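Report on one structure; see the data block that follows.
The values are calculated or read from the model by the stated rules, or taken from the named source; none is laboratory data. Computed from a predicted structure; not experimentally measured. Virtual Cβ from ideal backbone geometry, glycine too; neighbours counted across all protein chains shown. Each accessible area value is taken on the protein alone, full model and side chains, heavy atoms only, with ligands, DNA and RNA left out. Shrake-Rupley method; radii C 1.70, N 1.55, O 1.52, S 1.80 Å.
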Amino acid sequence: MEARMKLGDFMVAYLKKIGATHLFGIPGDLVLKLFLQFARPRGFRIVTLSHEPGVGFAADAYARASGRIGVVCVTYGAGGFNILNPVAGSFSEKVPILVVSGGPGEDERKLGQLIHHQAKEIESQFRMFDEITCAARVIDDPERAARDIDDVIRAIWMNRRPGYLEIHRDMVDAMIPVPKDIRDWKGDLPNPESDSRKVIEAARETAARFNRAKRPLLMVGIEVHRYKLMREIVELAERMGAPVTTTVLGKGAFPMDHPLHMGVHVGPISPPRIRKRVDDADLVINLGTLLTDMNLGSQPPQITRDRSIWAVNNKVNVSFHTYTEVTLRDFVRELLKTDLKHHREAVLYCDNLPTRATGPQAKLRVADVLREINRFLEKRKGFMVVAESGDSLFAGLEIKVPGGMYLAQGYYASMGFAIPGALGAQIGCGRRPVVLCGDGGFQMTGPEIAQAPRYALNPIVVLLNNGGWGIFRPVTARLDLLQIPNWPYADLAQAWGGVGLRAETLGEFSRALAAAAEAPSFSLIECRIGPKDLSPISVKYIQGSIHKRATPR
Ligand SMILES: Cc1ncc(C[n+]2csc(CCOP(=O)(O)OP(=O)(O)O)c2C)c(N)n1
Ligand SMILES: [Mg+2]
């Protein structure tokens, strides 16, 4: 970095310093100059997809899978508005992404005419992103530009939330001063800090509560994944000897094949043994879990505060009092230094799958698909699972990925996440995705799979074709409103340069999965399942969600 440099050059140098390697985007005239800067030799590997929502989901999943900031570059207006939904999802689920948008130059704005892609006012886009990011700036003052950019990117990392930079096209070549501290800086981004006195006291009190408890349990949530604390949490669980459950959103934050892992807790609709164990616990230590309806099976909170400790959002609640300025990382590290009683308990992993499979010739059911994927994953390394919203989100809860890499929007739950997400995730961590996706979800962003061959990506898409928006069938009288056209999914996959397969029986699915694993390209297996066939938890969830009780305890 130099003391004075062009803004565009500074952006590239800054993002290189923080270790960005890829940039996801779609250009337009209002961002083209900046986009080309990012793509220049020794710049970034550019990943373009067909539609901005795909770009946003891919960058989000890249960030989830790699543990780095995902960078997105879009044009102003039509491009920016198109990624509002994925960015809102990143905000909800604490995913650090940077959105860079172009915009019209100052001279054009002074002409007094409306500028293409403009909605209400030129500032409208900034205002919208301000609402769904932790920091948003329009870079319009060269003197402050470097500091503003630095502030936004630091905030993204501190908060693990999206940030927004709007750089109008006349600013890209503007000369800007670069403060010395930014020039000298090595590129380490700041993590939130704790007050060490509070950390010690929170850990001491937690340890005392734990050591008195007879039936303690650990509940692991999404912050463990975002702050890369899985190793510490495993160590803590092993020291405590307590069973571990994860939340819907936190699935994958604790190794699914660890002997202390019981499975996913979804409130009262959990597998009965998990529900009973959580209900019986005299102390539940929640580590990085968010209190969402989805995590609780769409029911009011069941773990009462008198028997719980919650460490999330840089706070630790011990029953009815709160320690502020205590990060999850520091809390867990301090707990590891305390004397902890070791519990001994035989922990059994539970899911909701019926134990009996149908025969290889019988009509394929969702439960059979899930059991077969588990069998497939058990024997293989290097895979991850990405689940789409809809029945697949709940079906995915039954999946056991050795080691644990698992991605799904278990809270924001937008359809369209999984296919572009799988592309971004494979770029981010190199693991080969198995994608669970419904036909409705696929019709939103699934065609982005056609981009996989360009980037040598090879997800295996397991498409559950039930002829519509199946998850709502148990609660909708007008089934005709939930129908969608039947696409020739396998033929499309074939035409897009992948392998397209169909399965109507378990035997066919098993063979298709084996064939997909051998294929160097992406594959899509269309599983033809009955219109009423849903995964075990979906029906309970959707009925609970529609007939919600409004009396929190
Ligand atoms: C962007 C978006 N629009 C609408 C919804 C509401 N929604 C949730 S699931 C679903 C239907 C899912 O259909 P499909 O992908 O075929 O999955 P299925 O439940 O049939 O397996 C809809 C419309 C959503 N979650 N996200
Ligand atoms: Mg469907």
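List of remarks:
- Restricting the first member to segment 320-340 and to residues that are more than 10 Å from Lys198 (Cβ to Cβ), and the second to residues that are aliphatic (A, V, I, L, M) and surrounded by fewer than 15 Cβ atoms within 10 Å (Cβ to Cβ), the beta-carbon pairs closer than 9 Å and six or more apart or on different chains are Thr338/Ala208.
- In the set Tyr455, Tyr411, Tyr406, only one residue is in contact with a Lys or Arg (Cβ under 6 Å, 6 or more places away or on another chain) and under 26 Å from Gly67 (Cα atoms); that residue is Tyr406.
- Segment 326-346, residues that are in a loop (DSSP other than H, G, I, E, B), farther than 17 Å from Asp282 by Cβ, hydrophobic (A, V, I, L, M, F, W, C) and open to solvent by less than 60 Å² (accessible area, probe 1.4 Å): Val326
- Residue check, Lys94 away from ligand 1 (no atom under 16 Å from the Cβ), without any contact (Cβ under 8 Å) to a residue 12 or more places away in the chain and out of contact with any Phe, Trp or Tyr (no Cβ under 8 Å at 6 or more places or on another chain): no
- Which listed residue, of Ala155, Ala213, Ala203, is farther than 28 Å from Gly404 by Cβ and either of a type in the set (A, V, I, L, M, F, W, C) or open to solvent by less than 30 Å² (accessible area, probe 1.4 Å) (or both): Ala155
- Flag if Trp496 is under 15 Å from Gly441 (Cα atoms) and either away from ligand 1 (no atom under 16 Å from the Cβ) or of a type in the set (Phe, Trp, Tyr) (or both): no
- Taking residues in segment 412-428 that are farther than 15 Å from Val95 by Cβ, and partners anywhere that are more than 16 Å from ligand 2 (Cβ to nearest atom) and of a type in the set (D, E, K, R), the pairs with Cβ atoms closer than 6 Å and at least 6 places apart or on different chains are Ile419/Glu448.
- Some residue of segment 520-541 being modelled with pLDDT of 95 or more, away from ligand 2 (no atom under 16 Å from the Cβ), more than 29 Å from Ile274 (Cα to Cα) and open to solvent by 50 Å² or more (accessible area, probe 1.4 Å): yes
- Exclusive hit being of a type outside the set (A, V, I, L, M, F, W, C), open to solvent by 40 Å² or more (accessible area, probe 1.4 Å) and at pLDDT 95 or above, set Arg553, Arg511: Arg511
- Against the test of being within 19 Å of Lys110 (Cβ to Cβ), touching a residue at least 12 places away in the same chain (Cβ under 8 Å) and buried (at least 16 other Cβ atoms within 10 Å of the Cβ), the options Ile149, Ile122, Ile176 yield a single qualifying residue, Ile122.
- Candidate set from segment 413-470 (those that are among the small types (Gly, Ala, Ser) and within 11 Å of ligand 2 (Cβ to nearest atom)); member that is surrounded by the fewest Cβ atoms within 10 Å (Cβ to Cβ): Gly467
- Of the residues making up segment 471-481, just one is open to solvent by 40 Å² or more (accessible area, probe 1.4 Å), within 11 Å of ligand 2 (Cβ to nearest atom) and of a type outside the set (D, E, K, R), namely Phe472.
- Listed here are the helices (runs of 4 or more DSSP H) enclosed by segment 67-112 that have at least 1 residues being modelled with pLDDT of 95 or more: 78-82, 84-92.
- Any hit, segment 482-490, residues being of a type in the set (Ser, Thr, Tyr), within 12 Å of ligand 2 (Cβ to nearest atom) and crowded, with 16+ Cβ neighbours inside 10 Å: yes
- When Ile46 is tested against (1) surrounded by fewer than 20 Cβ atoms within 10 Å (Cβ to Cβ); (2) over 17 Å from Glu448 (Cα atoms); (3) of a type in the set (A, V, I, L, M), just one condition goes unmet, and that condition is (2).
- Some residue of segment 71-86 being touching a Leu at 6+ places or on another chain (Cβ under 7 Å), farther than 30 Å from Leu328 by Cα, polar (S, T, N, Q) and crowded, with 18+ Cβ neighbours inside 10 Å: yes
- Filter result (within 15 Å of ligand 1 (Cβ to nearest atom) and over 25 Å from the mean Cα position of the chain (by Cα)) within segment 354-367: Leu364, Arg365
- Residue under evaluation Ser414, criteria (1) of a type in the set (S, T, N, Q); (2) within 13 Å of ligand 1 (Cβ to nearest atom); (3) more than 16 Å from the chain's Cα centre (by Cα), criterion not met: (3)
- Beta carbons closer than 8 Å, at least 6 apart along the sequence or on distinct chains, never pair a first residue in segment 473-497 that is within 23 Å of Ile525 (Cβ to Cβ) with a second that is open to solvent by 50 Å² or more (accessible area, probe 1.4 Å) and of a type in the set (Val, Ile, Thr).
- Residues of segment 389-411 satisfying the condition of being among the hydroxyl-bearing types (Ser, Thr, Tyr), under 10 Å from the mean Cα position of the chain (by Cα) and not in a loop (DSSP other than H, G, I, E, B): Tyr406
- Here segment 371-388 is the region considered, the condition is being crowded, with 24+ Cβ neighbours inside 10 Å and either assigned to a helix (DSSP H, G or I) or within 16 Å of ligand 2 (Cβ to nearest atom) (or both), and the residue that is farthest from the chain's Cα centre (by Cα) is Ile373.
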